Amino acid sequence: MNILLTGGAGYIGSHTCVALIEAGLTPVILDNFSNSHPAVLERLRQISGQAVVCEKGDVLDTPWVTDLLLRHEIAAVLHFAGDKAVGESVAQPLKYYRNNIGGAVSLLDAMQATDCRTLVFSSSATVYGDPASVPITEDFPRQHTNPYGHTKLVIEDMLAAMQVADASWRLGVLRYFNPVGAHPSGLIGEDPSGIPNNLMPFVAQVAIGKRPFLNVYGNDYATPDGTGVRDYIHVQDLAEGHVAALQALLEKGESFTVNLGTGRGNSVLEVVKAFEQASDQPIPYQIAPRRAGDVAQCYAETALAKALLGWSAKHSLAGMCADAWRWQSGNPDGYK
Ligand SMILES: NC(=O)c1ccc[n+]([C@@H]2O[C@H](COP(=O)([O-])OP(=O)(O)OC[C@H]3O[C@@H](n4cnc5c(N)ncnc54)[C@H](O)[C@@H]3O)[C@@H](O)[C@H]2O)c1
């Protein structure tokens, strides 16, 4: 069964490619390489022992996507393609509305035209904004604090409207918490361009000596050590979650929205300590003022994912750090 991964050359898509192959499915990657590197394809071949089909192009190009769906007889789509940097979305909102919302509209048009109605969408815990309490269940109110988060909300609403208009759509909305780590082979991983936006890639670059120290934004939050608490989930668990979501949609035919997290929160300082242990390198840090928009704690309630998908996260924080370090130390300049 051929599964299209838009943005499949990126961080989460590439790991999901491997998980799909292991599950006996055939991935087809669509990517414009705006935030990824073609070298990932050779790495995927090394890991899986088979060449992965990749079509280079833009998800905004509806006629091309329509043709691609037909040519590859695509049974279902995992939609990862999009831009994801919160700060950039504040500075360049139109880029985000065009690529993320425009990309989803284009893909759905192509899917509708070709009668391909099974879709898994990469949403985010950012749709919960500043949650009133933790753990966060899927029925918490949704809010947005930046254009990136707004695009995820709008796409979720768009998918719900499609479902109302046509009950035959099978839609899986996955709200990721904080994906980290890398494939245990050390061959694929997160390869941020420029200054990493997320904590773990930044910590990894400090550990390898590319950056002198880590800024810890705020140590006066209402958390055990005062630093922000997040639900870090191994990208391998996330990849398995996509396979489980796809299988649930194909077998049961019911749409759903679920959190993909571990249900545990770890503070910034806990991550620093775990990474020091995994890498055997010191991680110098300094306390900096809080950043606007950051919340004290954010972690998932995971019962719904377990009930609907039979899936739960397995990897520990120590394992996430060990795998992230193997990738970072083996590929100090990423794929370049
Ligand atoms: N990584 C995270 O922390 C995180 C958290 C929550 C949600 N998400 C969402 O998950 C998805 C995947 O995230 P990721 O971390 O793998 O990001 P990524 O940037 O590594 O992967 C996205 C891929 O999409 C491609 N792409 C972007 N626009 C495209 C277009 N118009 N046409 C074709 N390809 C295009 C990029 O080249 C890249 O390979 C995104 O939608 C992101 O918003 C990510």
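Considering each residue of segment 90-107, count those that are open to solvent by 10 Å² or more (accessible area, probe 1.4 Å) and assigned to a helix (DSSP H, G or I), and give that number.
The qualifying residues number 11.
Spot the failing condition for ASN99; the list is (1) more than 9 Å from the ligand (Cβ to nearest atom); (2) closer than 19 Å to ASN197 by Cβ, and only one is missed.
Condition not satisfied by ASN99: (1).
So GLN286 fits all but one of (1) open to solvent by 40 Å² or more (accessible area, probe 1.4 Å); (2) not in a strand (DSSP E or B); what number is the exception?
Condition (2) is where GLN286 drops out.
Consider GLY265 carefully, then state whether it is open to solvent by less than 20 Å² (accessible area, probe 1.4 Å) and out of contact with any Gly (no Cβ under 8 Å at 6 or more places or on another chain).
Judged against the criteria, GLY265 is not a match.
Tell me, which residue of segment 196-208 that is within 15 Å of the ligand (Cβ to nearest atom) and not small (Gly, Ala, Ser) is farthest from GLY7 (Cα to Cα)?
Per the stated criteria, the residue is VAL203.
Can you tell me which of HIS183, HIS150 is within 14 Å of the ligand (Cβ to nearest atom) and assigned to a loop (DSSP other than H, G, I, E, B)?
Only one candidate qualifies: HIS183.
Could you list, ordered by first residue, the pairs with Cβ atoms under 6 Å in which the first is in segment 111-135 and over 22 Å from HIS242 (Cβ atoms) and part of a helix (DSSP H, G or I) and the second is open to solvent by 20 Å² or more (accessible area, probe 1.4 Å) and not aromatic (Phe, Trp, Tyr), at least 6 apart or interchain?
Every condition considered, the pairs that remain are ALA113/THR66.
Among the candidates LEU4, LEU60, which residue alone is in contact with a strand residue (DSSP E or B) (Cβ under 6 Å, 6 or more places away or on another chain), closer than 24 Å to TYR176 by Cα and not in a helix (DSSP H, G or I)?
LEU4
For (1) within 15 Å of the ligand (Cβ to nearest atom); (2) open to solvent by 30 Å² or more (accessible area, probe 1.4 Å), each residue gets a yes or a no:
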position: ILE3; (1), (2): no, no
position: ASP31; (1), (2): yes, no
position: ILE47; (1), (2): no, yes
position: ALA51; (1), (2): no, yes
position: VAL65; (1), (2): yes, no
position: ALA75; (1), (2): no, yes
position: ALA85; (1), (2): yes, no
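How many residues, within segment 310-336, are among the aliphatic types (A, V, I, L, M) and either open to solvent by 20 Å² or more (accessible area, probe 1.4 Å) or on the phi > 0 side of the Ramachandran plot (or both)?
The total comes to 4.
Just a yes or no: is a residue in segment 265-275 part of a helix (DSSP H, G or I) and under 30 Å from ILE74 (Cα atoms)?
No, segment 265-275 has no match at all.
Regarding segment 211-234, can at least one residue be identified that is assigned to a helix (DSSP H, G or I) and either of a type in the set (S, T, N, Q) or open to solvent by less than 20 Å² (accessible area, probe 1.4 Å) (or both)?
Among the residues of segment 211-234, not one is assigned to a helix (DSSP H, G or I) and either of a type in the set (S, T, N, Q) or open to solvent by less than 20 Å² (accessible area, probe 1.4 Å) (or both), which makes the answer no.
The values are calculated or read from the model by the stated rules, or taken from the named source; none is laboratory data. Bear in mind the structure is a predicted one, so any value in this text is a computation, not a measurement. So basically every Cβ, Gly included, is an ideal-geometry build from the backbone, and we count neighbours across all protein chains shown. Protein only, heavy atoms only, side chains kept; ligands, DNA and RNA dropped before computing areas. Shrake-Rupley method; radii C 1.70, N 1.55, O 1.52, S 1.80 Å.
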